[in-house]
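The values are calculated or read from the model by the stated rules, or taken from the named source; none is laboratory data. Keep in mind that this is a model prediction, so the values were computed, not measured. Cβ atoms come from the backbone with ideal geometry, glycine included; neighbour counts cover every protein chain shown. Side chains included, ligands, DNA and RNA excluded: accessible areas come from the protein's heavy atoms. Shrake-Rupley method; radii C 1.70, N 1.55, O 1.52, S 1.80 Å.
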Amino acid sequence: PARGQGLSGVRKRRRRKRNRAEPVKLEIVIRSALWRKQRTAQSVVRKAVLAAAKAASTAPAELAIVLTDDSTIRTLNRDWRGKNAPTNVLSFPASRVGQGDKLLGDIVIAYETLERESTDESRDFLHHLAHLAVHGFLHLIGFDHETDAQAEEMEGLESRIMMRLNMPDPYVARESDN
């Protein structure tokens, strides 16, 4: 204990620490055998989403992340967005953001599209996976990139989160390729 603080000060600090809000609870579901190739994928996704939740000061919440394949994500993209093509990540909010619900929604990530983009853009697969998990999570909590201002805000936050994860800024790499 610090001078003049006594043991009660230590106990108070511990008590405060125990009462902190719990982190975001994740359920990670693997729906494609392709993900077996990436043994650390679940750990990377978990760390990325928790870092995003911390950076965005997210209240305690729950979400599911589904690691799937192009066929499944193509069907979801067609049925929910009217686009009959696979995509890298989709986010499905459970309710309108700000309604006080603990359930945020679902994030779905496709293996083949992620792998193809990683190869085409000379990115590390797991770094790109972390970025897509962060991107999907930010959509669940209300961020978007429909306008230039929204994109700038969202991409800036994504970049800061990736740097906190000791991973490359995904937007700097893209800009240097142009």
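What's the FRET efficiency of V29 with A55 using the Cβ-Cβ distance as r and R₀ = 22 Å, to the nearest 0.05?
Calculated value: 0.35.
So between N84 and R164, what do we pick up on full extension, going 0.36 nm a residue minus the alpha carbon distance?
Length difference between fully extended and current span is 25.3 nm.
Which of rounded, prolate or oblate describes the range 98-153 when judged by the alpha-carbon gyration tensor and an a/c cut-off of 1.5? Could the numbers behind the result be given before it?
Working: a/c = 3.11, a/b = 1.59, b/c = 1.95.
Verdict is oblate for the range 98-153.
Under the classification rounded if a/c is under 1.5, otherwise prolate if a/b is larger than b/c and oblate if not, where does the range 64-143 fall, given a ≥ b ≥ c as square roots of the Cα gyration tensor eigenvalues?
The shape class here is oblate.
Rounding to the nearest 20 debye, state how big the charge dipole of the range 44-118 is about its Cα centre with +1 on each Lys and Arg Cβ and -1 on each Asp and Glu Cβ.
240
Take the alpha-carbon centre of the range 148-162, take the same for the range 27-101, and report the distance between them in whole Å.
Answer, in whole Å: 18.
Give the accessible surface of the range 98-169 per residue, rounded to a whole number of Å², with probe radius 1.4 Å and ligands, DNA and RNA excluded. Kindly include the intermediate steps, with their values, before the conclusion.
Values: 3530 Å² over 72 residues.
Heavy-atom SASA per residue in the range 98-169 reads 49 Å².
Beyond 21 Å between alpha-carbons counts as too far, so tell me which of K25/K83; K25/K54; K25/K102; K54/K102 fall in that bin.
As for pairs spanning more than 21 Å Cα to Cα, those are K25/K83.
Highest mean first, what order results for 66-77, 144-155, 82-93 on Cβ atoms within 10 Å? If you can, show how the numbers build up before the last one.
Values: 66-77: 18.8, 144-155: 12.4, 82-93: 16.0.
Per-residue Cβ counts within 10 Å, averaged per peptide and sorted highest first, yield 66-77, 82-93, 144-155.
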